[in-house]
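First up is the structure itself, then whatever we jot down about it.
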Amino acid sequence: MGIQGGGLVNEENTSRYGPLFWTCLLAGWAVIAFGLWTVVSRPGATHPLRFGALFMTVLIVHDGVIAPITLGIGALLASRLPATARSVTQGAAVASAIVVAYSLPLFLGLGNRPDPSVLPRNYGAGLAIVIAVVWLVASVALLRRIGRRA
């Protein structure tokens, strides 16, 4: 084994990236370039300095708070659950976290001005229902998995 490109590489298996990788890489960079161009070319609508500050804040919060908590919960679940339940439970936990992160601003009513596209709803009840459905689906998947092993 050797070190290549910052990671360990098995010298017997040094395959190159395929065309799908390079196509997706180019498409991703094109989307990033378009986003940056949009932010910079329309400063009246996008407020580049505020956007940059928000972007940096999100990166710092993600890398300093969200990612370590997620890794800790994943490690805790992996160490405490039987192998048959790990992937289903971790998947449901990730889905729940995504739903909560997406809906939290609506649930808390955050924002500096009312958004006319946000409909007045009971976001707490909606969040509870979605989380319940996620865990119900996970429970059914887990029961099916256990049933197949029996």
Descending Cα extents along the principal axes, segment 22-150, whole Å: 62, 44, 28
Solvent-accessible area, 1.4 Å probe, carbon plus sulfur percent, for segment 23-126: 75 percent
Per residue value of the accessible surface for segment 22-85 (all protein chains in place, 1.4 Å probe), Å²: 79 Å²
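The values are calculated or read from the model by the stated rules, or taken from the named source; none is laboratory data. Keep in mind that this is a model prediction, so the values were computed, not measured. Please note that ligands, DNA and RNA were not included when accessible areas were found on the heavy atoms of the full protein model with its side chains. Shrake-Rupley method; radii C 1.70, N 1.55, O 1.52, S 1.80 Å.
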